[in-house]
Amino acid sequence: MNAWIIKPKNFDPNKKYPLFMYQYSGPGSQQVSNSWDNGNALWFEMLAQKGYIIACVDGRGTGYKGAKFKKVTYKNLGKYEIEDQITAAKWLGNQKYIDKTRIGIFGWSFGGYMASLAMTKGADVFKAGIAVAPVTNWRYYDSVYTERFLLTPQENPAGYDDNSPTTYANLLKGKFLLIHGTADDNVHFQNSMEFSEALIQNKKQFEFMAYPDKNHGIYGGQTRPQLYQKMTDFILENL
């Protein structure tokens, strides 16, 4: 699997650092490349300055590693992707300069879906996680996208239910921050509402931040500065 890693300035291989993983893993996507990331790169550099190691791994289902690697997730969207993120976190945690008791994860959209699965199915590995605008039930996502990879719910019910974070709400252990815009017309707000209800009914404590009338990008006015300060504070307090 391809990966990138950002280490703190004056990195000391004899010290142990907390690890913060960034994730997307959508079908055919690529986060690891020899190019500048104009999205979260500066935020990641700031976190590195505060003593965190940042890493990103492109697992199965992502692009640019051949058709077999990309298409293995067909009818099981989320299954192999989260297996690879958990495996990657364990491998990184075994490096002498990583504190494996302080591993966190962050993702947005499909990445938020991955972060939600990481905090449930990977609850023994990840101490803290942030999921922004996550899909938590593929029945609520648009059919043109979803049925391309999962077929219909009638044809493949296990593909929908077995890979839904909501199914595993009872497994949450670590600190979890869930974020969503109420006007999200891509990943509907319903996803986070249903996941929240499942967590509540399983008596799980978590943080939730709703952004009124904000869409999938969650921006406008002072929204982005407030959002990233919220996420930064959460990381500093819990990881």
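All of the numbers you see were taken from the coordinates with simple rules; none came from a lab. Since we're looking at a predicted model, the values are computed, not measured. Cβ sites come from the backbone with ideal geometry, for glycine too, and all protein chains shown count toward neighbours.
If you count, for each residue, the other Cβ atoms within 10 Å and average over each peptide, how do 224-231, 174-181 line up from highest to lowest?
Highest to lowest by the protection proxy: 174-181, 224-231.
Ranked by the mean number of other Cβ atoms within 10 Å per residue, highest first, peptides 64-70, 40-46 order as 40-46, 64-70.
The length gained by stretching the chain between T182 and F208 to full extension, at 0.36 nm per residue less their Cα-Cα distance, is 8.1 nm.
FRET efficiency for the Q229 to E155 pair, using the beta carbon distance and R₀ = 41 Å, is estimated at 0.40.
The stretch between E147 and A3 holds 48.9 nm of extra length on full extension. This uses 0.36 nm per residue minus the Cα-Cα distance.
Taking other C-beta atoms within 10 Å as the exposure proxy, Y113, Y17 rank Y17, Y113 from fewest upward. Size descriptors for the chain, from the alpha-carbon set: Rg then Dmax equal 17.0, 55 Å. Taking label positions 7 Å along the Cα-Cβ direction at both K100 and F11, the computed distance is 2.0 nm, reported to one decimal. If R0 is taken as 35 Å, the Cβ-Cβ distance between A41 and Q201 corresponds to a FRET efficiency of 0.35. Taken about its Cα centre, the chain carries a charge dipole of about 900 debye when Lys and Arg each add +1 at the Cβ and Asp and Glu each add -1 at the Cβ. For the residue pairs K15/K127; K9/K65; K173/K230, alpha carbon separations beyond 30 Å are given by K9/K65.
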